[in-house]
1. Among 85-98, 6-19, how do they line up by average Cβ neighbours within 10 Å per residue, starting with the highest?
2. Which is farthest toward the positive dipole end of the chain among 19, 270, 331, measuring Cα position about the Cα centre, with Cβ charges +1 (Lys, Arg) and -1 (Asp, Glu)?
3. With each label point set 7 Å from Cα along the Cα-Cβ vector, what nm distance links residue 355 and residue 229?
4. Using the crude model of +1 on Lys and Arg Cβ and -1 on Asp and Glu Cβ, and no other charge, please compute the dipole size for the chain relative to its Cα centre, in debye to 20.
5. For 190, 26, 150, which order do you get if you count the other beta carbons within 10 Å of each Cβ and list the fewest first?
6. Could you tell me the calculated FRET efficiency between residue 198 and residue 65, based on Cβ-Cβ distance and R0 = 25 angstrom, to the nearest 0.05?
7. How large is the dipole of the stretch 108-170 about the Cα centre if only Lys and Arg carry +1 and Asp and Glu carry -1, each at its Cβ, rounded to the nearest 20 debye?
8. What angle, in degrees between 0 and 90 and rounded to the nearest 10, separates the Cα long axis of helix 191-200 from the longest principal axis of the Cα atoms of the chain?
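Nothing in this text is a laboratory measurement; each read-out follows from the coordinates by a stated rule. This one's a predicted model, so the numbers in the text were calculated from it and none came from an experiment. Because the Cβ atoms are built from the backbone with ideal geometry, glycine has one as well, and the counts that use them run over all protein chains shown.
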Amino acid sequence: MSFTSLGLHPSLLETLASLGYLEPTEVQRASIPAALAGSDLLVSSQTGSGKTAAFMLPGLHRIVSGPAAARGIGPRMLVLTPTRELAQQVQKATNGYGSAQRLRTACLVGGTPYGLQLKQLSKPVDVVIATPGRLKDHLDRGRIDFSRLEVLVLDEADRMLDMGFVEDIDAIVARTPATRQTLLFSATLEGVVGRLAQRVTRSAKRIDIAPSRAIEPKIDQRAIFADDDAHKSRLLDALLRDTEVKQALVFTATKRSAEALSGALVERGFAAAALHGDMRQRERTMTLQRLRDGRMHILVATDVAARGIDVPGISHVINFDAPRQAEDYVHRIGRTGRAGRTGIAVTLLAHREKYLMRTIERYTGNAMRIAVIAGLEPAARPVGARVERTSGARPAPRGGAGAPVRRDEWKRGGSRPANSGRR
């Protein structure tokens, strides 16, 4: 099947061909015709499946080929995303798909100047891509009008709910026309996402795209067991001192622990920084640029903040805090082994977290290799473990220069333990 069989406007097809889009992905084949027919959609699809084009192309088709829009300056299409980085990616893709039509887009996200956003909203705009918090702010101040809105997209709805945006989403949806078409995309459609879907859609068609279980074969996946937090910290120190580590992405469960761990690593001589949702956009952009330029070697990040990171030089992904969902694990380790390179993914596990390893193995269909670092073996040796010392990475002695980072050192001014913050 080709894009020409999906019923899209000829100008969009020409643009897709010029961009090198040859065949639609599974989610695009299922979603685009249904959206063009006017149905509300509930789509279960994973990151990387091509879902941006799945919701954006039918929306642009409607703008290009439909009747002239009502007078006004408000958007005809609204896309809500959980993070700034994702919103910017969607805007970039939209500008590409609609380049022949000279569509006007606006990106409303936190951490960027209000002045530029107000300037974008002062003129007729076709598509607005926004994070819920910043859009709600504009809405409360009367800076945006939804009277012309025809299509509402909730992209990665599960992530937005995980981040606590449910009240903002409900408030935004309540201000949109009842006649709108609503397209909801999420990794899961159960639980709180399902309840949200019931509130915001009407007679929606459900589309379930089975997640790809294949893990990039060029990623060497390892698990290392730790007896306690102090042991885990020494393991991390040894891993990061491995001469094979070019650039490492270290995942933590919370924003607080990302900040604390990155600060402690800097104190120990590592070129490290944190990336999380509380940072201003300028800080995030500068941090990622330092990583891309090779001026920084270790980035400590949360799941949400790391979405969209594409830095070919990341040689290692280290899950300092094990992911609670198998889907998050796949997303995390996908940050290494890019551009044809071989990557290494290491997950540090408490003994009580062995079930997480089994969950991941069932999801991916691949066994995770259990390893130990000589000199830092756990008290209870894991069954089937293989003694492994990464080249040049000897355990640092207690105290003095190069000592391993201890979790109790991650407190700032007597604050709560590093693992107590929200994601």
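1. Peptide ranking by packing, descending: 85-98, 6-19.
2. 270
3. 2.2 nm
4. 600 debye
5. If I rank by nearby Cβ atoms, fewest first, I get 190, 26, 150.
6. Efficiency for this residue pair is about 0.20.
7. 500 debye
8. Between helix and principal axis, roughly 20 degrees.
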